[in-house]
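First comes the structure, then the notes that go with it.
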Amino acid sequence: MASIPAQVDVVVIGAGPSGAIASALLHQKGYSVLVLEREYFPRFSIGESLLPQCMVYIEEAGMLEAVQRHGFQYKNGAAFGWKDRYTFYDFRDKFSPGPGTTFQVDRASFDKLLADEATAQGVDIRYGHTIVSLDVESDPARVGYIDDQGKNGEVSCRFVLDASGFGRVASRLLDLEEPSDFPPRQAAFTHIDDHIDDPAFDREKILVTVHPQERDIWYWLIPFSDGRCSLGVVASEEKLARRAGPEPLDTLQTCVAEAPVLAKLLSKAEYRYPSRQITGYACNVKRLAGDRFALLGNAGEFLDPVFSSGVTIAMRSASKAAAVLDRQLKGETVDWQAEYEQPLRAGVDTFRVFVESWYDGLFQDVIFFPDQAPSVRQMISSILAGYAWDRENPIVAQPKRRMQALGSFCAPTEAK
């Protein structure tokens, strides 16, 4: 392989979904792009239940046909269970225009597919390269790296896009991290051979199950096309610690046993894969962009996995940043705060209201309300499908006010 160039137009840190899409879009516009990725693909990642909004950006990057022919599990909605209650949202029945279906994906395969598509388009991706320094005050910017053979190098560029996800390379090296105002939570998760034989189980939807007694504990079950599922539980560190077993997998199985309907559904499941945990995953940063850098997706801000918004935010940020950067590299004056950060945060803040309302029980009351008006269901369905930036949707236009009104109307009688 050729040596890494000393200078390019754009360095992208990370080859995950946001990095692959951003680099492809910029390459299509004629810029020289270098992607530096610490790991080798395929590699494990969570965030396996895509939202339909993602398909817009996958198509924009010229990768839609490859994704569609791969054989990922088709997805058309989200289902919710609590005790003996069950409800679902069909993303095809939504308020906002745009795709209403997507896929549930093994991220190891999905991320490699997107990165390979970017490479096929001509993007230069180098795996096994860890970023060790970042200078965005100089012009050009300088990115220092070390490869997996221990060789140090540096590349100069006009701009840096950080798509490093939970690695949060730029925010760490540029001292941009701030404590999150979300209470710290922990997720324990694995893949299982599910062996689900219940004919009522819908593999075309993610299933979110609420703990029967402790409503701030919830489970995800994401079916794949090969008979496996991604299974996880989210709770406070204290509550998971109380259920901790000798191995992380024991903790997860103990939690599943406490949700009888879910436990019955998974009664024949085989737990043959490693279990993992992440803690305190929510983060904030002081800013998302500067004159010569921008943070994409989880590298900038991550809320919570409950509504699968992470990959959607990542892909939207990649698309938006590429468009603004194209104008800057052409010599136009751009305002990264007004044209990138504020519009991106608008949708993130809508998701934030949903997440906060989920954990305080307000949104759960709305979801499990038995006689929800069809128009309200369509508005909610749109946001759950990823269309959190559609301000034509009344809930997006005033998320806190609308959620409080809906929650008050849908609250159990004894709570009113």
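Check whether at least one residue in segment 236-255 is within 20 Å of the chain's Cα centre (by Cα) and of a type in the set (Val, Ile, Thr), and report yes or no.
No, there is no match, as no residue in segment 236-255 is within 20 Å of the chain's Cα centre (by Cα) and of a type in the set (Val, Ile, Thr).
Of the residues that make up segment 179-189, is at least one surrounded by 15 or more Cβ atoms within 10 Å (Cβ to Cβ), in contact with a Gly (Cβ under 9 Å, 6 or more places away or on another chain) and hydroxyl-bearing (Ser, Thr, Tyr)?
yes
Within segment 92-148, can you find the residues that are farther than 25 Å from Leu329 by Cα, among the acidic types (Asp, Glu) and more than 18 Å from the chain's Cα centre (by Cα)?
Correct list: Asp93, Asp116, Asp147, Asp148.
Please give the number of the condition Gly167 fails out of (1) at pLDDT 95 or above; (2) assigned by TED's automatic domain parsing to the domain that holds Ser45.
Going through (1) at pLDDT 95 or above; (2) assigned by TED's automatic domain parsing to the domain that holds Ser45 one by one, Gly167 breaks only (1).
So which pairs qualify, if the first residue must be in segment 237-266 and without any contact (Cβ under 8 Å) to a residue 12 or more places away in the chain, the second must be among the basic types (Lys, Arg), the Cβ gap must be under 6 Å, and the two must be at least 6 apart or on different chains?
Note: pairs meeting the criteria are Thr254/Arg243.
Quick check on my filter: what residues within segment 89-98 are crowded, with 21+ Cβ neighbours inside 10 Å and part of a loop (DSSP other than H, G, I, E, B)? Break it down into steps so the answer makes sense when it comes.
We begin by selecting, within segment 89-98, every residue crowded, with 21+ Cβ neighbours inside 10 Å; these are 89, 91, 94-96.
Listed by number, the residues that qualify are Phe91, Lys94, Phe95, Ser96.
Which residue out of Arg377, Arg401 is assigned to a helix (DSSP H, G or I), of a type in the set (D, E, K, R) and in contact with an Asp or Glu (Cβ under 8 Å, 6 or more places away or on another chain)? Step through it out loud before you land on a result.
On the way: Arg401 fails: in contact with an Asp or Glu (Cβ under 8 Å, 6 or more places away or on another chain).
Selected residue: Arg377, the only one of Arg377, Arg401 that is assigned to a helix (DSSP H, G or I), of a type in the set (D, E, K, R) and in contact with an Asp or Glu (Cβ under 8 Å, 6 or more places away or on another chain).
Of all residues in segment 197-218 being buried (at least 19 other Cβ atoms within 10 Å of the Cβ) and touching a Gly at 6+ places or on another chain (Cβ under 6 Å), which is nearest to Arg85 (Cα to Cα)?
Thr209
Name every residue in segment 189-220 that is closer than 26 Å to Gly361 by Cβ, in a strand (DSSP E or B), of a type outside the set (A, V, I, L, M) and out of contact with any His (no Cβ under 7 Å at 6 or more places or on another chain), in order of residue number.
Result: Phe189, Lys205, Thr209, Tyr219, Trp220.
Just for strands (runs of 3 or more DSSP E) wholly inside segment 1-88: which have at least 2 residues that are of a type outside the set (Ser, Thr, Tyr) and at pLDDT below 95? Even if it seems obvious, please write down each step before you answer.
Working: elements: 7-13, 33-37, 73-75, 77-82.
Correct list: empty, since no element meets the threshold.
If Ile222 satisfies all but one of (1) surrounded by fewer than 21 Cβ atoms within 10 Å (Cβ to Cβ); (2) touching an Asp or Glu at 6+ places or on another chain (Cβ under 6 Å); (3) not assigned by TED's automatic domain parsing to the domain that holds Tyr86, what's the number of the condition it fails?
Condition (1) is where Ile222 drops out.
Kindly indicate which of Ile13, Ile21 is surrounded by 24 or more Cβ atoms within 10 Å (Cβ to Cβ), of a type in the set (A, V, I, L, M), under 15 Å from Leu113 (Cβ atoms) and in the same structural domain as Ser319 (by TED's automatic domain parsing). Show your work before the answer.
Working: Ile13 fails: under 15 Å from Leu113 (Cβ atoms).
Exactly one of Ile13, Ile21 is surrounded by 24 or more Cβ atoms within 10 Å (Cβ to Cβ), of a type in the set (A, V, I, L, M), under 15 Å from Leu113 (Cβ atoms) and in the same structural domain as Ser319 (by TED's automatic domain parsing), namely Ile21.
For the condition of a type in the set (Gly, Ala, Ser) and modelled with pLDDT of 95 or more, what is the one hit in Ala385, Ala411, Ala405?
When all the criteria are applied, what remains is Ala385.
Does Ser32 qualify as being closer than 29 Å to Ser171 by Cα, touching a strand residue (DSSP E or B) at 6+ places or on another chain (Cβ under 9 Å) and of a type in the set (Gly, Ala, Ser)?
Working: closer than 29 Å to Ser171 by Cα: yes; touching a strand residue (DSSP E or B) at 6+ places or on another chain (Cβ under 9 Å): yes; of a type in the set (Gly, Ala, Ser): yes.
Yes: the conditions hold for Ser32.
Only residues that are polar (S, T, N, Q), within 19 Å of Phe224 (Cβ to Cβ) and either surrounded by fewer than 23 Cβ atoms within 10 Å (Cβ to Cβ) or free of Cβ contacts under 8 Å to residues at least 24 places away in the same chain (or both): list them for segment 102-130, please. Talk me through it step by step, then tell me what you get.
Initial filter on segment 102-130 (polar (S, T, N, Q)): 102, 104, 109, 119, 121, 130.
From what is left, the residues that are within 19 Å of Phe224 (Cβ to Cβ) are 102, 104, 109.
Across segment 102-130, the qualifying residue is only Ser109.
Please determine, by comparing only the residues of segment 150-170 that are of a type in the set (A, V, I, L, M, F, W, C) and within 14 Å of Asp291 (Cα to Cα), which one is surrounded by the fewest Cβ atoms within 10 Å (Cβ to Cβ).
Taking segment 150-170 first, the residues of a type in the set (A, V, I, L, M, F, W, C) are 155, 157, 159-161, 163, 166, 169-170.
Now drop any that are not within 14 Å of Asp291 (Cα to Cα), which leaves 157, 159-161, 170.
Numbers: Cys157: 23, Phe159: 25, Val160: 26, Leu161: 30, Ala170: 28.
Of everything passing the filter in segment 150-170, Cys157 is surrounded by the fewest Cβ atoms within 10 Å (Cβ to Cβ).
When residues of segment 300-340 are filtered for being of a type outside the set (Lys, Arg), surrounded by fewer than 24 Cβ atoms within 10 Å (Cβ to Cβ) and over 30 Å from Phe80 (Cβ atoms), how many remain?
Number satisfying all stated conditions: 15.
Out of all the residues in segment 24-54, which are crowded, with 22+ Cβ neighbours inside 10 Å, within 30 Å of Phe91 (Cα to Cα) and not charged (D, E, K, R)?
Selection gives Ala24, Leu25, Gly47, Ser49, Leu50, Leu51, Pro52, Gln53, Cys54.
Out of the residues in segment 174-225 that are of a type in the set (D, E, K, R) and without any contact (Cβ under 8 Å) to a residue 40 or more places away in the chain, which is nearest to Phe110 (Cα to Cα)?
Checking each candidate, the answer is Asp175.
The values are calculated or read from the model by the stated rules, or taken from the named source; none is laboratory data. Just so it is clear, the model here is predicted, and its values are computed rather than measured. Please note: Cβ atoms are built from the backbone with ideal geometry, for glycine as well, and neighbour counts cover all protein chains shown.
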